[in-house]
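Engineer: Attaching a single structure in structure tokens format; questions to follow.
Every number in this text was worked out from the coordinates using simple rules, so none of it is lab data. Given the structure is predicted, the values throughout are model-derived calculations rather than measurements. Cβ: placed from backbone, ideal geometry, glycine included. Neighbour counts: every protein chain shown.
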């Protein structure tokens, strides 16, 4: 190995990526076909999450030296990271074929186990076998114990899961992912306090980890521990997705009870539903005498024009006024000391426009007889699910359409699709299973004033949590909420109703990701009403 390559690898181990990259590129200028230089450039790119660039370099290196097991392993790592699971498996298997007796192969077996635990493969028996092979080579490999614990938890073998996870922590006392999985295990068993304790243990050695604080916040808020929950929720601004906004709104300002002559700018954040949820607290600031300004998402702008507590409403691209305080809308419960939702229960009050109501009543009445039932089966930004990921509650929610439609085939009514951006084949599948026409009203998601009128005439709304739930609450109506596991914090982890959404009945997916019992209860409830 040349001195330049050795020095580049030393920089890489210290995460001095720019120095490593410069040396490796200099080496390639001297030897354009230097396979190791290309390979390690790929590793440098992968370490910085430039995965497409990493793939390019690694594949070039393999063309020059297809028999290097390490090249196949690192290529597999990148492919696994971007969700190309079958290709990743092929790379790992090739590495084992080239170097079957390498003592470091426990890492490859572990990665194969992770691949087979992914949703795309979902072969938990094979995943378990690979993790156990990793332990045969390295009996004290904490990550394999953690992964076995995660698999056992998914299969509701809680005693075995506890054994594996505690073993992982014993071997690696600062193992963040093992504590995450243990927190989820305790939550499965209704032991929220022990789940919270796991997050605090992580914070003992990672006190500034915003993701841990946010996971702790979700657990606290989901179990009704609002005072501590809002303080932890404030850490979200340190997450990467807040970017420049974090610099603009550096901290939660202390607010006095008397805000007379104080000018406050309420900063929108997260999604439309989040903003509508948190703006329910804004009238309390007005009651303290504050002058309030808000820059709204374009879709929400018409809904907020009628809010009496707003002194100034701006569009997304309007210049921000001079104010005394900038305040993220998600910080409102914290600064207002909302320690229980009963303090301020009402959702932000919304009112459909009369001309929309008149037009929509005529349009919907021509579709068929009541009851009129609105449907939504997914919401958020789809992400590939990682079975062994930490127990962080995501924003993507989905119920399989075929499973939902099969259950609702037993329910009478005229079906309106209120799903955002449904595929044509989804609507066709829905109609075929229900054996009746379904009506696509999805375009009204682009005009929330019109959507308010659509929702006003719904006899039932069935769906996952989405913006329309906030609109329904705003006009005093309710819904039947299909809640994937684990639940978003606003809907709490247990119970048939959330204190934030009075009258909305919740039908929960099981911890084994089964919808059957929830859908049976839903159909029973709908038939009883009919």
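Engineer: Extending each Cα 7 Å along its Cβ direction at residue 365 and residue 306, get the distance between those two points in nm, one decimal.
Structural biologist: 2.1
Engineer: Residue 525 to residue 135: FRET efficiency via 1/(1 + (r/R0)^6), r the Cβ-Cβ distance, R0 51 Å, to the nearest 0.05?
Structural biologist: 0.60
Engineer: Over region 255-382, what is the mean sequence separation of C-alpha contacts under 8 Å (at least six apart), divided by residue count, expressed as relative contact order in percent?
Structural biologist: Rounded, it is 29 percent for region 255-382.
Engineer: Follow-up. Just need the relative contact order of the chain here, percent rounded to a whole number, with Cα pairs under 8 Å and 6+ apart.
Structural biologist: So the answer I get is 10 percent.
Engineer: I would also like to ask the following. Can you tell me how much longer the chain between residue 194 and residue 16 gets when fully stretched, taken as 0.36 nm per residue apart minus their C-alpha distance, in nm with one decimal?
Structural biologist: Working: separation 178, 0.36 × 178 = 64.08 nm, distance 3.89 nm.
Roughly 60.2 nm would be gained on extension.
Engineer: Can you give the relative contact order of region 172-307 as a percent, counting alpha carbon pairs under 8 Å and 6+ residues apart?
Structural biologist: 15
Engineer: FRET efficiency for residue 63 and residue 421, Cβ-Cβ distance as r, R0 = 25 Å, nearest 0.05?
Structural biologist: So, using R0 = 25 Å, E works out to roughly 0.05.
Engineer: How do 53, 472 rank when sorted from fewest to most other Cβ atoms within 10 Å of their own Cβ?
Structural biologist: Lowest to highest Cβ neighbour count: 53, 472.
Engineer: By count of other Cβ within 10 Å, fewest leading, how are 514, 362, 488 ordered?
Structural biologist: In order of increasing Cβ crowding within 10 Å: 362, 514, 488.
Engineer: To continue, here is another question. How long is the gain from residue 478 to residue 28 if the chain were fully straight, where each residue apart is worth 0.36 nm and the alpha carbon distance is subtracted?
Structural biologist: On the way: separation 450, 0.36 × 450 = 162.00 nm, distance 6.44 nm.
Full extension of this stretch gives 155.6 nm more.
Engineer: What length, rounded to one decimal in nm, is gained on full extension from residue 203 through to residue 513, with 0.36 nm per residue of separation minus their alpha-carbon distance?
Structural biologist: 108.7 nm
Engineer: Could you work out how far helix 176-188 tilts from the main Cα principal axis of the chain, as a 0 to 90 degree angle to the nearest 10?
Structural biologist: Relative to the chain, helix 176-188 is tipped by roughly 40 degrees.
Engineer: Of all DSSP beta bridges located in the chain, what percent are antiparallel, nearest 5? Intermediate values should be presented prior to the final figure.
Structural biologist: Details: 3 of 31 bridges.
Roughly 10 percent of the beta bridges in the chain run antiparallel, per DSSP.
Engineer: Averaging the inverse of every distinct alpha carbon separation and then flipping it gives the Kirkwood radius. What is it for region 249-344, in angstrom units?
Structural biologist: Computed over Cα pairs of region 249-344, the Kirkwood hydrodynamic radius comes out at 13.5 Å.
Engineer: Exposure proxy check: 198, 214, 298 ranked by fewest other beta carbons within 10 Å?
Structural biologist: Result, fewest neighbours first: 298, 214, 198.
Engineer: Something else now. What FRET efficiency comes out for the pair residue 122/residue 298, r = Cβ-Cβ distance, R0 = 30 Å, nearest 0.05? Don't jump to the answer; show the numbers that get you there.
Structural biologist: Details: r = 40 Å, r/R0 = 1.34.
Efficiency computed from Cβ-Cβ geometry: 0.15.
Engineer: Related question: Between residue 398 and residue 497, what is the label-point separation in nm under the 7 Å Cα-to-beta-carbon projection?
Structural biologist: 3.2
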